[in-house]
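Please read the structure below before turning to the comments.
The values are calculated or read from the model by the stated rules, or taken from the named source; none is laboratory data. Worth saying up front: this structure is predicted, and the values here are computed from it rather than measured. Please note: Cβ atoms are built from the backbone with ideal geometry, for glycine as well, and neighbour counts cover all protein chains shown. Side chains are part of the model used for accessible areas, which takes the heavy atoms of the whole protein and leaves out ligands, DNA and RNA. Shrake-Rupley method; radii C 1.70, N 1.55, O 1.52, S 1.80 Å.
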Amino acid sequence: MSYIIKNTAGLINTRLTDVGRRNISQGNFSISYFQIGDSEVNYTAVTSYNQTNNNILMPAFNAQNDTGSPQSNKQNIKYPYYVSGQQGNTYGIPFMDSVIQEVYNSAGSKGFFQTGGTPGNWVVQNSSAYTVTSNYVVDMNTLSGQTTVDIELDYCTPTSGTPAINDFVTLILDGVGYCNDVTTVPVLTYKIQGISPSTGTTGTTGYTLTLDRAVPNYTNITGGGELCRALIYPPSMVPFYDSVTPEPYWQTDTLNFESPCDVVNRENTLVWNMNIPWSVSPAGVFSSTYENYTKYGSVSYIGTKEYLGYQEPSGQTDTSRVYYYNSFDEQIVVRPEAQKAIAIIHYTNQDIDNVYGEKFSTVPYDPQNPTDDTGLARHFKLTIPTLMWHKSSGNTMGETFWIDPPGYDLCTPYYIKSTKNIDMNDPGIRYFHLWDLNPDDNGNLNRIGKVFPDQEIIVVDDEEVIAAMSYKSNRNWTLPAPRLSLLTPNTCDTNSSAVGIFTGSNQSMWFTYILTGETASLHCNYYSFIRSTAKSANDSQNVAVRFGPEFQFLTQPVSPYVPTDYTGYTATSMKLLCQVMNADGQPSPTGWREIDVTDQLTSSMVNGYITMSGITGTTFQITQADYDASTVYNLADYIDIPLNGYPNQLNFGDEYFFYGNLETDISATIYEMKYLVTLGRNQFTNTSNPTWTSGTTSYVTEIGLYDSNKDLIVISKLQSPELRQGIQQYVVKLDF
């Protein structure tokens, strides 16, 4: 035991005793009595001595222990004050005045990019703390749609790592090979499936990497000398970003129970995890040949998908909805059973440090009392620097998403409620929507997911943003959803059949589409739905498809090459994907048909590339003849997806890190157990201390709080002996 340091310790130093902690563990912690005392004062040993100079022992953890010999101990108030007079009762009744207090802090920014970036101008972290190595480039003239690439040494920053099988390689396809600048270009991540030479050193000049799928085909536009940066990332969080086993709170040569949170020498994990569980395979995946969603890497997170209301619709109600806006600003609701996948961004690691406190802080901004205090929900920012967002009001890459977007009153908590346990529904599982800052013509912002502050996780449920974050999707751009409508046959094309694709009211259609250019990538991950209103062949209907102007990143390269040719993404073909059903329900991954409509866009193409004006200026019509002539859609025709029996090949759901940044304030709720120990003017004026003489001054050095059995459960010591005089009140506090 040590002494209280007068210059730095609190005025009252309090600890739970062992019996107090035992009572908590047994669920019977209750305080009934108090005593005050002057056990560490001798009034006669030194004449005229100032008793406030006395050194006082720290309160002991083991002030009362009744576990049995040799641990048992009882250090109650040795010399208690009498409630009245000079004998009799020494126990008073404390008054409970507990309070609840919120405390706030800033967790700063964590992620793969430096802070302060702006759309189209981001800086990726390329040091050895984030990358295995960033010192390689690829000659883009060699990219012709093959699955092998040669990386060449091009020094950027000191790193000692070398690429290896199962590492990830991110190609920033800018034609320049910047060390860490990221502009509005394709950014694609691959898994290294093979490497030659198999070993090397930091100075090895080059490697040939075999990747999980084909690289883009730039043979039509490269002019010579164009490079892209190749950033090598580890295959998992451990051991590169995180420890295999938890680090201790304390230094290896010290075990200090008094300061268990001294983590000065601890480094927190620098990046966030991300897992994308799918509960149905993407369109065009044939499970008889290719691995389906049950084999995807994040399948173990489907339970979270259920818990948060994205799976079985009968298990919960919700005070809000999952929705997105199509390219005509029409709200499209996604029901739980239609949610194919979610992206779960979480901070799961071996750090003992509670980096993010108890929860994300969500204090709304008050325009009537504008401040920038720590704790505001406005400080929560999820940034995806590599996202070409079709809802962006500009044409530069990167978006930041908010739970309290500036200029809007949208910081509203919503709740998921159980239909099976109504006791949890007051109010339920709390969440906030995640918004961009790109209002549509109606002033509506776009939501892309939910933030669960108490679980400290972010769920992206916008399935196009999910596609852009998925490595296997092979694109970092999102595609807009069209408007579907019913059309009387021969309305636009008088040469088509008079009988439409819908001839009965029980029919419906699911729709999406795929664009292919230098890069072959995943189809649009929004699935649009329309239901027939036809009653028979006499009033049959076709389906019309229209797009609004949300292809601002779609570009048309020129020849010869200029640097802007690598900006955005390209398309040389467009295919409509549809599935007619005879009843409501979800589409089958193997039931999709593809209809090539590229020839309808030929007249508007520039240099052989599809333009936004060409797409938006065309009304696509799906007729029975189109559907009959269509071919089966097979995703493997566009992206290399793993065959059954090849679990080590990269697939959907194999993501493990969030390639972006998260910045937030954090908070904790302190439940302050506060007991007021009040000493009346004529109470507790006489001490049982044998060195004290009645009628002289006395001092207080300690306060004990007791349960109904008069077992000491809290012991408090004053920093210095305090003169007992008049009416006094001591406040004994413990925080939980």
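May I ask you to say which residue of V355, V271 is more than 30 Å from L643 (Cα to Cα), in contact with a Phe, Trp or Tyr (Cβ under 6 Å, 6 or more places away or on another chain), part of a loop (DSSP other than H, G, I, E, B) and in contact (Cβ under 8 Å) with a residue 40 or more places away in the chain?
V271
Suppose we filter R229, R213 for residues that are assigned to a strand (DSSP E or B), modelled with pLDDT of 95 or more, touching a strand residue (DSSP E or B) at 6+ places or on another chain (Cβ under 8 Å) and buried (at least 19 other Cβ atoms within 10 Å of the Cβ); which single one remains?
R229
Restricting the first residue to region 591-606 and requiring it to be more than 16 Å from Y638 (Cβ to Cβ) and of a type in the set (G, A, S), which pairs with a second residue that is open to solvent by 60 Å² or more (accessible area, probe 1.4 Å) and in a loop (DSSP other than H, G, I, E, B) meet a Cβ separation below 7 Å and a spacing of at least six or different chains?
S604/G617
With respect to the numbered conditions (1) small (G, A, S); (2) out of contact with any Ser or Thr (no Cβ under 8 Å at 6 or more places or on another chain); (3) open to solvent by less than 20 Å² (accessible area, probe 1.4 Å), which one is the sole condition not fulfilled by G116?
(3)
In region 396-411, how many are within 18 Å of Y431 (Cβ to Cβ) and assigned to a strand (DSSP E or B)?
2
Which of the residues spanning region 345-384 are of a type in the set (V, I, T), open to solvent by less than 40 Å² (accessible area, probe 1.4 Å) and in contact with a Pro (Cβ under 7 Å, 6 or more places away or on another chain)?
Passing the criteria: only T362.
Does region 182-205 hold any residues that are open to solvent by 50 Å² or more (accessible area, probe 1.4 Å) and modelled with pLDDT of 95 or more, and which are they?
S196
I'd like to check which strands (runs of 3 or more DSSP E) are fully inside region 474-554 and have at least 1 residues that are open to solvent by 20 Å² or more (accessible area, probe 1.4 Å), among the hydrophobic types (A, V, I, L, M, F, W, C) and at pLDDT 95 or above.
483-487, 508-516, 528-531
Looking only at region 412-422, count every residue that is within 24 Å of V465 (Cα to Cα) and part of a loop (DSSP other than H, G, I, E, B) and tell me the total.
Going through region 412-422 one residue at a time, the tally reaches 2.
Looking only at region 16-72, which residues are charged (D, E, K, R) and assigned to a helix (DSSP H, G or I)?
Scanning region 16-72 gives D18, R21, R22.
Only one of (1) in contact (Cβ under 8 Å) with a residue 60 or more places away in the chain; (2) under 43 Å from the mean Cα position of the chain (by Cα); (3) loosely packed, with under 14 Cβ neighbours inside 10 Å is not met by N23, so which one is it?
Evaluating N23 over (1) in contact (Cβ under 8 Å) with a residue 60 or more places away in the chain; (2) under 43 Å from the mean Cα position of the chain (by Cα); (3) loosely packed, with under 14 Cβ neighbours inside 10 Å leaves (3) as the failure.
At pLDDT 95 or above, within 25 Å of K472 (Cβ to Cβ) and open to solvent by 60 Å² or more (accessible area, probe 1.4 Å): which single residue out of D150, D167 fits that description?
D150
What are the pairs, 6+ residues apart or on separate chains, where a residue within region 423-450 that is in a loop (DSSP other than H, G, I, E, B) has its Cβ under 8 Å from a residue that is modelled with pLDDT under 95 and hydrophobic (A, V, I, L, M, F, W, C)?
Listed pairs, sorted by first residue: none to list.
How many of the residues in region 376-395 are in a loop (DSSP other than H, G, I, E, B) and modelled with pLDDT of 95 or more?
8
Being without any contact (Cβ under 8 Å) to a residue 24 or more places away in the chain and open to solvent by less than 70 Å² (accessible area, probe 1.4 Å) is the filter; apply it to region 32-72 and report the residue that is farthest from L679 (Cα to Cα).
Of everything passing the filter in region 32-72, G68 is farthest from L679 (Cα to Cα).
Looking at region 295-319, which of the residues that are outside any loop (DSSP other than H, G, I, E, B) and among the hydroxyl-bearing types (S, T, Y) is surrounded by the fewest Cβ atoms within 10 Å (Cβ to Cβ)?
So, considering only residues that are outside any loop (DSSP other than H, G, I, E, B) and among the hydroxyl-bearing types (S, T, Y), the one surrounded by the fewest Cβ atoms within 10 Å (Cβ to Cβ) is S314.
Are any residues in region 416-437 open to solvent by 10 Å² or more (accessible area, probe 1.4 Å) and either touching a Lys or Arg at 6+ places or on another chain (Cβ under 6 Å) or small (G, A, S) (or both), and if so, which ones?
Listed by number, the residues that qualify are S418, N425, G428, W435.
For region 688-736, which positions are touching a helix residue (DSSP H, G or I) at 6+ places or on another chain (Cβ under 7 Å) and not β-branched (V, I, T)?
Within region 688-736, Y699, D707, D711, L712, S720, P721 qualify.
(1) of a type in the set (A, V, I, L, M); (2) open to solvent by less than 40 Å² (accessible area, probe 1.4 Å); (3) free of Cβ contacts under 8 Å to residues at least 24 places away in the same chain: which one isn't true of A283, the others all being true?
(3)
Spot the failing condition for N582; the list is (1) surrounded by 14 or more Cβ atoms within 10 Å (Cβ to Cβ); (2) touching a residue at least 60 places away in the same chain (Cβ under 8 Å); (3) under 30 Å from R531 (Cα atoms); (4) among the polar types (S, T, N, Q), and only one is missed.
Status for N582: all satisfied but (1).
Considering only region 88-103, I want to know if a residue exists there that is within 23 Å of the chain's Cα centre (by Cα) and either over 30 Å from N682 (Cβ atoms) or among the hydroxyl-bearing types (S, T, Y) (or both).
Checked against the condition, which is being within 23 Å of the chain's Cα centre (by Cα) and either over 30 Å from N682 (Cβ atoms) or among the hydroxyl-bearing types (S, T, Y) (or both), region 88-103 yields at least one hit.
Condition first: under 25 Å from F553 (Cβ atoms) and part of a loop (DSSP other than H, G, I, E, B). Now tell me which residues in region 568-591 satisfy that.
G568, T570, A571, T572
Against the definition (closer than 28 Å to V41 by Cβ and either open to solvent by 30 Å² or more (accessible area, probe 1.4 Å) or hydrophobic (A, V, I, L, M, F, W, C) (or both)), how does G92 come out, yes or no?
Spelling it out, it is not the case that G92 is closer than 28 Å to V41 by Cβ and either open to solvent by 30 Å² or more (accessible area, probe 1.4 Å) or hydrophobic (A, V, I, L, M, F, W, C) (or both).
Out of all the residues in region 309-329, is one or more within 30 Å of V187 (Cα to Cα) and in contact with a Pro (Cβ under 6 Å, 6 or more places away or on another chain)?
yes
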